[in-house]
Amino acid sequence: MHHSKHSLASAVCAAMLCAPAISVADIEWNGFLTAAGGMSSPDEGDSLAGYEEDLTFNQDTKLGLQLRAPISDKLSATGQIVARGSEDYEVDMAWAYLSYQASDSTALRMGRFRTPFYLYSDYLEVGYAYHWISPPADVYSLPADSIDGVDVVYQAPLGSVDVSAQIYAGSINSDFVQGGQEIDTRIRNQAGLALTFTYDWLTFRASHHEAQKVSFGGLENVYLAPEIGTIGDLQTTLNGLSLLTGDPGYAEAAGNLVVDEVKFTFDELALKVEWNNLLLVGEMTQLKADSGPVDTQNRMFVTAGYTFGSVMLHVTQTRAEDDVADIASTIPTDIPGLEATSMALAGAVNAIAEDFATPDRTTNTLGLRWDFEAGAAAKIEFSDISDTTGTDGTLLRFGIDMVF
């Protein structure tokens, strides 16, 4: 055993010595920085993009560094690390992949790369690349925006139209916060296809994505109310009533409170017009789950911008119109002596589904971008947010984006 370890170490050392040396001068370094602040009124926490009534500077501030190391004419390694203020500046490896340029039009990648969910996915972190301080949050809302896997990217002209096609497959672990509890998301067997067609000033994009097994770890620990306890406690109560009454409807509702290897699909359509000084963009998305408390999320935005010299004035409207998951309908409400209990339990189950759904919400944003230096832009935005619950609020944000 000791001999095999020694042989392995020798082989690794030999391989490293034989590998072509990469000069530091060959490595391409790029960076980006967003320094931003803002405040909201009233204080609605996450419903107003994570800002408070008091002025804060952590939500949209971030720093990223990217390197590309050419191994040969066809093979290269790319890495991108990002530190975000919204995550206490913890360093995240957003990209880490090998790329093989099989031909002038086709590239293969393996490792961690950006999942091509959206029109702006490739430069999602690089605020300088778009006119907003950040893309519309209700549309660009998926917590897992990178994936560990493999993809093929094809780019070639088709007559006067430039065509780009990306097909990928992979898995990822991520997390988000629900009910004050951190939920560990495990995504397995995800695959998708993104197609982009560009003709002069017009771009059309469509993408479809499927994840066969999505699981939310920790959801059962979300606390609901003193008389109910956690989601796990609610499940125990429902399963107990199924045993007591012999009615499987209670247990079926209990099963719908968790997300365990559930299939999710995500679809996106986008259109962009860049004509002289005018910019018009529209994008719509839909997220669906086969079962569980996650609703069907329907999101869209339209934005228009006009450039005057080094200044762009822009307006955006974003809409969220989600469908609440129907997960309480199997609970029987006509069992003698249990009518009030069943109604209360159905209300608690429905409340969980409603918590996953954004109330129908409209956000109107007026913004200005000023490119005051090469590679640097100052931005300011004012947003008015309203939803069907009667919650209205305003959000003021400002910042500077740089690339270097």
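Just so you know, all these numbers are worked out from the coordinates, no wet-lab data involved. This is a predicted model, so every value here is computed, not measured. Glycine gets a Cβ as well: all are built from the backbone with ideal geometry, and neighbour counts include every protein chain shown.
Just a few scattered comments:
- Per-residue Cβ neighbour rank within 10 angstrom, fewest leading, Leu202, Leu257: Leu202, Leu257
- Relative contact order, whole percent, for region 23-403 stands at 14, derived from Cα pairs under 8 Å and 6 or more residues apart.
- Sorted by Cβ neighbour density within 10 Å, fewest at the top, the residues Val403, Val311: Val311, Val403
- Counting only residues at least eight positions apart within a chain, or on another chain, the lysines with an alpha carbon under 30 Å from that of Lys62 are Lys272, Lys379.
- Spin-label model distance (nm) - Ile27 vs Phe176, 7 Å beyond Cα toward Cβ: 3.5
- Length gained on full extension, Ser291 to Ala225, computed as 0.36 nm times the residue gap minus the Cα-Cα distance: 21.4 nm.
- Pairwise centroid distance, computed over Cα atoms, of region 275-354 with region 243-259, Å: 25
- Which of Asp60, Asp334 has the fewest Cβ neighbours within 10 Å, and the rest in rising order: Asp334, Asp60
- 3J(HN,Hα) from dihedral phi, region 99-109, Karplus parametrisation 6.51/-1.76/1.60, rounded to Hz, x for glycine, proline: 10, 10, 7, 5, 8, 4, 10, 10, 10, 10, 10
- Residues whose placed amide H lies under 5 Å from that of Leu224, excluding near-sequence neighbours: Gly229, Thr230, Ile231
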